[in-house]
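The values are calculated or read from the model by the stated rules, or taken from the named source; none is laboratory data. Every value quoted in this text rests on a predicted model; they were computed, and no experiment measured them. Quick reminder, even Gly has a Cβ in these numbers, built from the backbone with ideal geometry, and neighbours come from all protein chains shown. SASA here: full protein model, heavy atoms, side chains in, ligands and nucleic acids out. Shrake-Rupley method; radii C 1.70, N 1.55, O 1.52, S 1.80 Å.
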Amino acid sequence: MRNIRMVISYVGTTYHGFQTQPIGNTIQDILEQAIVVLTGENVNITASGRTDAGVHARGQVINFLTSSPIPVHRWALALNSRLPEDISVLRADEVPLDFHASYSAKRKTYRYSIDTNKFADVFERHYRFHYPMPLRLPEMRAALAELVGYHDFTSFASQRSTKRTHTRTVISARLDESEGKLDLFITGDGFLYNMVRIIVGTLLRVGEGKWTVGDVVRILAAKDRSKAGPTAMAHGLTLWEVEYDN
């Protein structure tokens, strides 16, 4: 038995998220079906994290057990020829049997993209949340800085979260701007359900001048989802990178 790890990219626009579910049409479904066609095996894919419907990935990591003798350097090419054009295997390697794409992950980075221009860029409309409002970027950056570190992020977690603890460490966070387009990059040791999107929804309130940096500090301390901003649209979010010790 071999443990194969892959880095994959996908456009989540037409899919119901990553994880298999009864309504079908998920990234996991498509990948597992391609592996069946390639090897004849029914495998169970493990991902570094589940992405919701409409969310994209640049560097999602998966692993699965297989007894196929296909050389590891041929997996990416072989699978890509059996996948739709909006899902791509970037690379593959063989890892120890105890490697787990989720449990072994040390850091994850997400990007959330916003277009504040009056008219949306049609070439990026599936990847950027169009929010045509003047925003106060210095205040947004100052509020974002308050979220870096080890905190209880209950206020920024969906009420549907099933995690036993909501304490996480945000290692770094930055907000880049160019020609009215914003990119939030946030890296942490783990993220809660909808955490990044709720952070974005809260930062937008700050950017509009409705809330202050002090309000964000109070929201974080409240440990109450109802105190934070709305959950930003899914299509602006991309799982950017997942890091491991090796």
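Do the conditions hold for residue 8, that is, is it at pLDDT 95 or above and assigned to a helix (DSSP H, G or I)? Against the criterion (at pLDDT 95 or above and assigned to a helix (DSSP H, G or I)), residue 8 does not qualify. Screening 153, 185 for residues that are more than 20 Å from residue 113 (Cα to Cα) and in contact with a Phe, Trp or Tyr (Cβ under 9 Å, 6 or more places away or on another chain) leaves exactly one candidate, 153. Would you confirm whether or not region 132-139 contains a residue that is open to solvent by less than 50 Å² (accessible area, probe 1.4 Å), farther than 18 Å from residue 240 by Cα, of a type outside the set (Lys, Arg) and modelled with pLDDT of 95 or more? Yes, region 132-139 has at least one match. The set of residues in region 202-214 that are free of Cβ contacts under 8 Å to residues at least 40 places away in the same chain and either of a type in the set (Asp, Glu) or under 14 Å from residue 147 (Cα atoms) (or both) contains only 214. Does region 195-234 hold any residues that are crowded, with 22+ Cβ neighbours inside 10 Å, under 11 Å from the mean Cα position of the chain (by Cα) and of a type outside the set (Lys, Arg), and which are they? Those that are crowded, with 22+ Cβ neighbours inside 10 Å, under 11 Å from the mean Cα position of the chain (by Cα) and of a type outside the set (Lys, Arg): 195, 196. Within region 66-93, the set of residues being open to solvent by 90 Å² or more (accessible area, probe 1.4 Å) and over 24 Å from the mean Cα position of the chain (by Cα) comprises 69, 73, 74, 77, 82.
Just one of the listed residues (154, 187, 162) is in the same structural domain as residue 112 (by the TED database), over 19 Å from residue 227 (Cβ atoms), among the hydroxyl-bearing types (Ser, Thr, Tyr) and surrounded by 15 or more Cβ atoms within 10 Å (Cβ to Cβ), and it is 187. Only residues that are at pLDDT below 95, among the polar types (S, T, N, Q) and either outside any loop (DSSP other than H, G, I, E, B) or open to solvent by 50 Å² or more (accessible area, probe 1.4 Å) (or both) were counted in region 40-65, giving 2. Across region 99-120, not a single residue is classified as acidic (Asp, Glu), in a loop (DSSP other than H, G, I, E, B) and open to solvent by less than 70 Å² (accessible area, probe 1.4 Å).
The set of residues from region 106-120 being of a type outside the set (S, T, N, Q), farther than 30 Å from residue 245 by Cα and touching a Gly at 6+ places or on another chain (Cβ under 9 Å) comprises 114, 115, 118.
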